[in-house]
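J.: So that we are looking at the same thing, I have put the structure below in structure tokens.
The values are calculated or read from the model by the stated rules, or taken from the named source; none is laboratory data. Note that the structure is predicted; figures quoted are calculated from it, not measured. Virtual Cβ from ideal backbone geometry, glycine too; neighbours counted across all protein chains shown.
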Amino acid sequence: MDTANLKKEIAEYSKEIGIDKIGFAAADVFGELKERLRRQQELGYQSGFEKGTIEERTEPKRLFPEAKSILSIALAYPSRMKDAPRSTKESCRGVFCRASWGVDYHVVLREKLEKLALFIQEKIPDVETKVMVDTGELSDRAVAERAGIGFSGKNTSIITPEFGSYVYLGELITNIPFIPDEPLADGCGSCTKCLDACPTGALVQGGQLNAQKCLAFQTQTKGFLDDEYRSKIGNFIYGFDTCQVVCPYNKKVDFHVHPEFEPEPEVAKPQLKPMLRISNREFKNTFGHIAGSWRGKKPLQRNALIALAHYKDETAVDEIISVMNDDPRPVIRGTAAWSLGKIGTEEAFAGIQKAMKDEMDEQVLFEMEKGLAFEQETAEI
């Protein structure tokens, strides 16, 4: 088998089907990653969203016994939104992080990787392959780093020379022994802009993330958001990408090469008040095609309430009182009460006091008390 020529043909074909960058890596054990993951586990830094054991995440042959090589691909996505709608006094808006602006990247990358697999199969009929995009056991970033797609930045993102860190990653494991590409040298140097900008200190040190403190992770949780994070997520309703925005490699980087990833302004920056009452069907129709919908509407509605508090949107008080009184979910009722307290109008405080008489859930009552405590703080000021 002429693997060198096949590698060249695959690289050329990858450009034809819209893959922005491709690299080839050996399917050896990711030893350094394994030690880092063990350390993450010991420190309690994992998010809980990880799939598989540490061994499965670092030993490709556990997932694919015949594995010889891993193909890593990258697709660039936009960092700026054209004709982005602005918040007004009557219509405050939330925002999804950039990685969730267009069609769910899992779908797009999987389609590209499956085309690659078919192309290779046409050349080598008995080839074996396995496609993974983000939700698989392997670390997309570790594979991409080994394959020379980019280097692993202090913000824990893969940073490419061409597209900065605004790239989606996926991989294809195969039993063909391709000559691996060379990894890139670290390019962060002494820069600490991402560490300095992280609002919660989640970037413990360059390249190490405490996922439990990461605001991107916190926006995806389903329970009550801890008080320390409520004031820091601002108007983000899904994800958080400040650590990418401040990176010098992302300065003036903005690629609009894939129509699928173009943001729909009304979806990427939705009005907040309508989100509070959105039905399951409306949610699916409006947001179901983007990556940020994967946890369902509850976390996004909770975050929308926090964003309305961030804006101190007095026009939303009646709607939030209605949600606090009627929503069957304690997390939403409680967050609504807290939001009303932060907005701080007389009507808001009166609404909380009235609702407390009928509320039975202890956590919701606790949030109501916190909401009313803002009244005292306002009086003292």
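J.: Give Cys188, Cys198 a once-over and let me know the one that is under 30 Å from Ala373 (Cα atoms) and crowded, with 18+ Cβ neighbours inside 10 Å.
T.: Cys198
J.: Can you pull out every residue in the range 215-226 that is in contact (Cβ under 8 Å) with a residue 60 or more places away in the chain and more than 16 Å from the chain's Cα centre (by Cα)?
T.: Our first condition is that a residue be in contact (Cβ under 8 Å) with a residue 60 or more places away in the chain; within the range 215-226, this holds for 216-217, 219-225.
Within the range 215-226, Gly223, Phe224, Leu225 meet the criteria.
J.: Please state which of the following conditions Gln40 fails to meet, knowing it meets all the rest: (1) farther than 29 Å from Gly292 by Cα; (2) in a helix (DSSP H, G or I); (3) modelled with pLDDT under 95.
T.: Every condition holds for Gln40 apart from (1).
J.: Residue by residue through the range 294-328, note down the ones that are farther than 18 Å from Leu225 by Cα, in a helix (DSSP H, G or I) and in contact (Cβ under 8 Å) with a residue 60 or more places away in the chain.
T.: Thr315, Ala316
J.: Pick from the range 43-69 the residues that are outside any helix (DSSP H, G or I) and among the basic types (Lys, Arg): which of them is surrounded by the most Cβ atoms within 10 Å (Cβ to Cβ)?
T.: Checked the range 43-69; the qualifying residue surrounded by the most Cβ atoms within 10 Å (Cβ to Cβ) is Lys68.
J.: Those residues that are surrounded by 18 or more Cβ atoms within 10 Å (Cβ to Cβ), out of contact with any strand residue (DSSP E or B) (no Cβ under 7 Å at 6 or more places or on another chain) and either among the β-branched types (Val, Ile, Thr) or outside any helix (DSSP H, G or I) (or both), I need them from the range 247-267; list them, please.
T.: Answer for the range 247-267, where residues must be surrounded by 18 or more Cβ atoms within 10 Å (Cβ to Cβ), out of contact with any strand residue (DSSP E or B) (no Cβ under 7 Å at 6 or more places or on another chain) and either among the β-branched types (Val, Ile, Thr) or outside any helix (DSSP H, G or I) (or both): just Pro263.
J.: On to the next question. Taking interchain pairs and intrachain pairs at least six residues apart, which have beta carbon atoms under 9 angstrom, with the first residue in the range 151-168 and under 21 Å from Gly102 (Cα atoms) and touching a residue at least 24 places away in the same chain (Cβ under 8 Å) and the second outside any loop (DSSP other than H, G, I, E, B) and basic (Lys, Arg)?
T.: Pairs found: Ser157/Arg141; Ile158/Arg141; Thr160/Lys21; Glu162/Lys21; Phe163/Lys21; Tyr166/Arg98; Val167/Lys21.
J.: In the range 268-283, what residues are surrounded by fewer than 18 Cβ atoms within 10 Å (Cβ to Cβ), without any contact (Cβ under 8 Å) to a residue 60 or more places away in the chain and either within 27 Å of Thr88 (Cβ to Cβ) or not basic (Lys, Arg) (or both)?
T.: Listed by number, the residues that qualify are Pro274, Arg277, Ser279, Asn280, Glu282, Phe283.
J.: Follow-up question, since we're still on this one. Please enumerate the residues belonging to the range 106-156 that are touching a Lys or Arg at 6+ places or on another chain (Cβ under 8 Å) and aliphatic (A, V, I, L, M).
T.: Hits for the range 106-156 are Val131, Val133, Leu138, Ile149.
J.: Report yes if Gly170 is within 16 Å of the chain's Cα centre (by Cα) and either part of a loop (DSSP other than H, G, I, E, B) or crowded, with 18+ Cβ neighbours inside 10 Å (or both), otherwise no.
T.: Taking the combined requirement at face value, the residue satisfies it.
J.: What's the number of the only condition in (1) crowded, with 16+ Cβ neighbours inside 10 Å; (2) under 15 Å from the mean Cα position of the chain (by Cα) that Thr135 fails to meet?
T.: In the conditions (1) crowded, with 16+ Cβ neighbours inside 10 Å; (2) under 15 Å from the mean Cα position of the chain (by Cα), Thr135 misses (1) alone.
J.: I've got another one for you. I'm trying to understand the selection: among the residues of the range 106-132, which are more than 21 Å from the chain's Cα centre (by Cα), in a helix (DSSP H, G or I) and β-branched (Val, Ile, Thr)?
T.: Scanning the range 106-132 gives a single hit, Ile120.
J.: If you don't mind, there's one more thing I want to ask. Please state which of the following conditions Phe374 fails to meet, knowing it meets all the rest: (1) within 18 Å of His310 (Cβ to Cβ); (2) buried (at least 19 other Cβ atoms within 10 Å of the Cβ); (3) modelled with pLDDT of 95 or more.
T.: Unmet condition: (3).
J.: From the list Ala117, Ala185, Ala144, which residue is over 27 Å from Gly31 (Cβ atoms) and not charged (D, E, K, R)? Spell out how you get there, then give the answer.
T.: On the way: Ala185 fails: over 27 Å from Gly31 (Cβ atoms); Ala144 fails: over 27 Å from Gly31 (Cβ atoms).
Of the residues listed, the single one that is over 27 Å from Gly31 (Cβ atoms) and not charged (D, E, K, R) is Ala117.
J.: Give Gln212, Gln244 a once-over and let me know the one that is touching a Lys or Arg at 6+ places or on another chain (Cβ under 9 Å), buried (at least 16 other Cβ atoms within 10 Å of the Cβ), in a helix (DSSP H, G or I) and touching a residue at least 60 places away in the same chain (Cβ under 8 Å).
T.: Result of the check over Gln212, Gln244: Gln244.
J.: If you scan the range 221-241, which residues turn out to be surrounded by fewer than 21 Cβ atoms within 10 Å (Cβ to Cβ), modelled with pLDDT of 95 or more and among the hydroxyl-bearing types (Ser, Thr, Tyr)?
T.: Thr221, Tyr229
J.: Against the definition (farther than 20 Å from Arg93 by Cα and buried (at least 17 other Cβ atoms within 10 Å of the Cβ)), how does Val323 come out, yes or no?
T.: Values: farther than 20 Å from Arg93 by Cα: no; buried (at least 17 other Cβ atoms within 10 Å of the Cβ): yes.
Answer is no for this residue.
J.: Let me ask you something else. Would you call Val103 in a loop (DSSP other than H, G, I, E, B) and not charged (D, E, K, R)? Working first, answer last.
T.: Values: in a loop (DSSP other than H, G, I, E, B): yes; not charged (D, E, K, R): yes.
Spelling it out, Val103 is indeed in a loop (DSSP other than H, G, I, E, B) and not charged (D, E, K, R).
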